[in-house]
1. Val153: under 19 Å from Ile8 (Cβ atoms), open to solvent by 10 Å² or more (accessible area, probe 1.4 Å) and either touching a residue at least 60 places away in the same chain (Cβ under 8 Å) or touching a Lys or Arg at 6+ places or on another chain (Cβ under 6 Å) (or both), yes or no?
2. Which ones in segment 1-51 are assigned to a helix (DSSP H, G or I), open to solvent by 20 Å² or more (accessible area, probe 1.4 Å) and either touching a His at 6+ places or on another chain (Cβ under 9 Å) or among the hydroxyl-bearing types (Ser, Thr, Tyr) (or both)?
3. Could you list, in sequence order, all residues of segment 90-107 that are within 15 Å of Ile8 (Cα to Cα) and open to solvent by 20 Å² or more (accessible area, probe 1.4 Å)?
4. Among the residues of segment 52-73, which ones are assigned to a helix (DSSP H, G or I) and open to solvent by 60 Å² or more (accessible area, probe 1.4 Å)?
5. Under 6 Å between Cβ atoms, which residue pairs at least 6 apart in sequence (or on different chains) link something in segment 204-219 that is over 17 Å from Ala105 (Cα atoms) and in contact (Cβ under 8 Å) with a residue 12 or more places away in the chain with a partner that is acidic (Asp, Glu) and assigned to a helix (DSSP H, G or I)?
6. Output the residues belonging to segment 115-132 that are open to solvent by 10 Å² or more (accessible area, probe 1.4 Å) and more than 18 Å from Ala84 (Cβ to Cβ).
7. Can you name the residue in segment 94-140 that is polar (S, T, N, Q) and assigned to a helix (DSSP H, G or I) and is also farthest from the chain's Cα centre (by Cα) among such residues?
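The values are calculated or read from the model by the stated rules, or taken from the named source; none is laboratory data. It should be emphasised that the depicted structure is a prediction, and the values quoted were computed from it without experimental measurement. Glycine gets a Cβ as well: all are built from the backbone with ideal geometry, and neighbour counts include every protein chain shown. With ligands, DNA and RNA removed, areas are computed over all heavy atoms of the protein, side chains included. Shrake-Rupley method; radii C 1.70, N 1.55, O 1.52, S 1.80 Å.
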Amino acid sequence: MKPFPQDIQGVLFDLDGTLLDSATDLYAALKTQCEEMQVSVPPFAMVREVVSRGSRAILRCAFPDFSDDALLPLLPRYLELYQAVMAEHTQPFEGVDELLAVLEAQGIAWGIVTNKPGFLTDDLVQRIGWADRAVAVVSGDTLPVKKPDPAPVLLACERGRLDPARCLFVGDDRRDVLAGGAAGAYTVAVRWGYLDGGDPEQWGADLVIDHPAELTARLRVTA
């Protein structure tokens with residue numbers, strides 16, 4: 001693994017499963033849609049695991065026999081239901097608020113790179129109170145490509161005037177590690193997120209951590 005950088009300029013984060021625990025609200029929307037369509041509601045644990053893969057993967061938990069084409073007509077209603085409840089129970093994971101405060105106190109910029117649709121990302125970031133704090137927010141439809149392509153990470157660096165080589169990219173999915181690494185950032189995989197059934201130790205990240213406090217402590221040491 002590469003040594004932890006000493007001259008960090010910025011830290012970019014995935015959103016759902018890394019900064020925010022949003023699974024409860026995502027599940028509530030699916031539960032309502034299942035009730036509307038009179039189908040069985042899948043277990044919460046099944047849905048939570050796939051949150052990082054997006055709405056289609058969440059819907060597939062309830063409609064496992066549907067093809068991608070068959071799922072598409074269900075997406076608008078699911079997203080509508082989710083937007084209505086998406087800030088009711090969603091909150092930062094334990095230690096995230098302190099981590100962001102330490103970054104800001106040390107003059108280290110931070111931003112968000114997510115595969116979530118932009119209209120949901122912008123609304124949620126506004127409701128959480130981060131819209132004026134993040135130097136860049138890049139969503140899944142900001143560009144024609146999304147993670148694991150490095151382009152969204154590079155765009156966030158451009159918007160935040162950050163050198164990718166002096167940035168960390170932090171996420172709870174292998175696609176985050178691939179995108180961050182390909183962009184030239186130091187990659188951090190987190191074990192507290194949704195993980196998509198994977199093992200962060202197998203993703204090739206430069207660092208794997210169990211709690212935001214671990215990153216907070218490293219940043220304080222390097223300040």
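1. So Val153 fails the test.
2. The answer is Thr24, Tyr27, Ala28, Thr32.
3. Glu104, Ala105, Gln106, Gly107
4. The answer is Arg53, Arg56, Arg60, Asp68, Asp69, Leu72, Pro73.
5. Partner pairs satisfying both residue conditions: Val208/Glu201.
6. Asn115, Gly129, Ala131, Asp132
7. Among residues in segment 94-140 that are polar (S, T, N, Q) and assigned to a helix (DSSP H, G or I), the one farthest from the chain's Cα centre (by Cα) is Gln126.
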